[in-house]
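Please treat every number below as a calculation from the coordinates, not as lab data. Please read these numbers as outputs of a predicted model, since none were measured by experiment. Cβ: placed from backbone, ideal geometry, glycine included. Neighbour counts: every protein chain shown.
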Amino acid sequence: MSYIAGITDKALKLIASMPRVALNNLKGLPGSKKTFQRRRGREKGSKHGRGDKGQGARMTLPRLGFEGGQFPFYLRFPKERYYEGHHMKRQYPPLSLLQLQRMIDLGRVNPDEPIDLTTLCNTKLYKCSPEHHHYGVNLTDEGIDIFQAKVNIEVQWTTENVIAAVERNGGVITSRFYDIQSVMALVNPEKFFQRGIPIPKCKLPPEDAIEYYTDPHFRGYLADPEKVAEARLELAQKYGYEVPDFSKDPLYEMLKQKKDPRQIFFGLAPGWVVNLKDRVILKPKAQEWKEYYHS
Amino acid sequence: MGALIRKEVLTVTIKTATTTMAAALYLLVRREHSLLNISTCHVLISKIFGKALSVASTETNLESSQPENKPKVEDEIANIRNVSNLPQRLRAKLSHVNEMPDLNDDKIQNNTRILRKIYAKYGKSSGIDPRIMWPLRSELKVIKEDERDWDPTFQDLVDKMKQKKLAEQKEKKEREERVAKNMAMMPKWIAEYHKREAAKQLAQNEQEKKKQKLLDEARDYYGYSITPQDPKFRQMIEEKALEEKKAKKAMKKQQKTERAQAFLQKQLEQKAKEEEEEEEEEEEKKNK
């Protein structure tokens, strides 16, 4: 019994002698404190960009949303529940079939090569800014009656009649999801390669989009290819046209080109680094990295 | 005037391009020409020009033996010309300089992001190990762990979607069943409602009749018609209520007395009966 008591005494003494968490030894997490750099130099240094006198200069500005004593807007109106998370919603800037046809007619897009987001952004006629939650292109049905090009196009969002319009001309259309990092790489590949980082592997679509991208009726890239073929036939019967035979097409090799679900650029695999100066592709050799980028 | 001096100095520098003195003079005059007037400038140039020529004649011999001497000096001049005093890593970025930043700089050496950018811009000639472009083993481990914890697999996503769909279908089906069941009960409920409404109407009518009757009574009592809000009407009702109460009380009392009488009667009868029985028993005993 005394032996145990001795141990507890020792333990208590040990604990008593240990350093305590107190105000004098508490520290913020590394990087949590941001230092404000006062503006310097002849142009900006005199008032440090804060103007002359008053609340601005003395940092005594009223709090955000305060309207000088008036019942403020943010309290006057109740929350709009249907706007919840609207700033996080995925956006798909539209591109009409008319615009696409025009790009092809003017030679801005080559229909003999597969068309993806990079091709469209390179025309400089279509803009997609991932910093504004733009996740790619939404191909719309404007000009559906005059669309005549045979293309292998990859879009991020589309509708049934647009799919029918593309497939009627013997083309191929795929709905493909890219996560925001991949979109950044796709809209400006040169800028991406200048960062000197490996091509990322594309993530899977989020929970609320998985249904669309696994649906053969929308030609989802995660759908079963056999079911997609069935859906092609079904759609042709619905809209009253004949599905052309691909294997006899002179552009068969181009039309059957398709990216891997993890792939971002045609001909480039995730994990590779493109060096524009040396005009070389650098690939990881170690097994661990290879496995990561191929999984 | 400034242009003139510059032109002259330029001719001097072209003539003595190999000499350091003339280059230094060029710089000197270029920087400070605003302070000199043309005559002093001429004197100065002619003085140094003479010297420079003599120096050039000696240096030409030196140059042939030490060719590496020239860039060193040019560097020195470049250093003099660099008045911005920026560190090399920042000066290298300037558009007219546009050279590779010094990799020995701590701020570059410790920054993987910048090293990657430098490799991307200058390629193999930068001398950077290209392995820098991929995450380290420790970083890769963290990335993998994050992906394992936060990114659901395809199968997970599909399963979740199917579950959600099934739940939605189930909810829809349940709702439809509930609606069908309630619709079947509808005629019965409607009939009940009408019945309830009729009963309510009847009760209301009776109430009205009763009120009318009271009003009629009041008219008979006072001899003229009065409104229900009239205090006289209320008084009459109160009196009537009092009378009713009295009558009720009297009735209750009467009932009580009646009940007591009946009880007494009953008990008397019972007693009489018992006495009769006892007499009979006694008679029987006597007979025995």
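How big is the equivalent ellipsoid of region B:155-263 along its three axes, where each semi-axis is √(5λ) from the Cα gyration tensor, reported in whole Å from largest to smallest?
Working: eigenvalues 840, 122, 45 Å².
Taking √(5λ) for each Cα gyration eigenvalue gives 65, 25, 15 Å.
Looking at the calculated P(r) for region A:174-255, what percent of the C-alpha pair distances fall above 18 Å? Write out the running numbers ahead of the final one.
Working: 1996 of 3321 pairs.
Result: 60 percent of Cα pairs exceed 18 Å.
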Alpha-carbon Debye profile of chain A, log10 I(q)/I(0) at 0.07, 0.12, 0.16 Å⁻¹: -0.50, -0.93, -1.30
Most mobile listed residue (A:GLY136, A:GLY31, A:GLY267) in chain A, GNM with C-alpha springs under 10 Å: A:GLY31
Amide hydrogen neighbours beyond the local backbone of A:VAL280, cut-off 5 Å, H modeled: A:ASN275
Between region B:216-288 and region A:122-184, the Cα center-to-center distance that results, in Å: 100 Å
Region A:38-58 and region A:216-292: distance between their alpha carbon centers, rounded to Å: 56 Å
Distance between modelled label sites at B:ASN82 and B:HIS194, nm, 7 Å Cα→Cβ extension: 10.3 nm
Aspartates and glutamates with Cα under 19 Å of B:LYS285, excluding same-chain neighbours fewer than 8 positions away: B:GLU274, B:GLU275, B:GLU276, B:GLU277
Amide proton proximity set for A:VAL172, modelled H, under 5 Å, gap of 5+: A:VAL151, A:ASN152, A:ILE153
Region B:213-220 - phi-based ³J(HN,Hα) in whole Hz, Karplus 6.51/-1.76/1.60, Gly and Pro as x: 4, 4, 4, 4, 4, 4, 5, 4
Three semi-axes of the equivalent ellipsoid, region A:72-217, Cα gyration tensor, whole Å, largest first: 29, 21, 16
Average partner coverage of B:112-122, which counts Cβ from other chains inside 10 Å: 4
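Averaging over every viewing direction, what projected area does the convex hull of the Cα atoms of the protein assembly as shown cover, in nm²? Write out the running numbers ahead of the final one.
Values: hull surface 346.6 nm².
For the Cα atoms of the protein assembly as shown, the hull's average projected area reads 86.6 nm².
Taking the number of other C-beta atoms within 10 Å as the exposure measure, put A:SER182, B:SER95, A:SER46 in order starting with the fewest.
Values: A:SER182 26, B:SER95 5, A:SER46 11.
Lowest count first: B:SER95, A:SER46, A:SER182.
Once every DSSP H run of n ≥ 4 in the protein assembly as shown is given -39500 (n - 2.57) and the sum is divided by its residues, what mean residue ellipticity at 222 nm do you get, rounded to the nearest 500 deg cm²/dmol?
Helix-only estimate at 222 nm: -18000 deg cm²/dmol.
Determine the dipole magnitude for chain A: charges of +1 sit on the beta-carbon of Lys and Arg, -1 on that of Asp and Glu, nothing else is charged, the reference point is the Cα centre, and the result goes in debye to the nearest 20. Each step should come with its number before you reach the end.
Details: 46 positive and 35 negative charges, 619 e Å.
About 2980 debye.
Looking at chain A only, what percent of DSSP beta bridges run antiparallel? Nearest 5 please.
Working: 4 of 16 bridges.
Looking only at bridges with both residues in chain A, the antiparallel portion is about 25 percent.
Net charge around B:LYS107, counting only other residues with Cβ within less than 12 Å of its Cβ (Lys, Arg = +1; Asp, Glu = -1)? Show your work: numbers first, answer last.
Numbers: positive: B:ARG89, B:ARG113; negative: B:ASP102, B:ASP105, B:ASP106.
So the surrounding residues net to -1.
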Under the Debye formula (equal points on every Cα, no solvent term), log10 I(q)/I(0) of region B:156-215 at q = 0.14, 0.19, 0.23 Å⁻¹: -0.65, -0.80, -0.90
Fewest-first sequence of B:MET133, A:MET59 by Cβ atoms within 10 Å of each Cβ: A:MET59, B:MET133
Cα extents of region B:87-151 along the three principal axes, largest first (Å): 48, 21, 19
Gaussian network model of chain A, Cα within-10 Å springs - most flexible of A:HIS217, A:HIS86, A:HIS134: A:HIS86
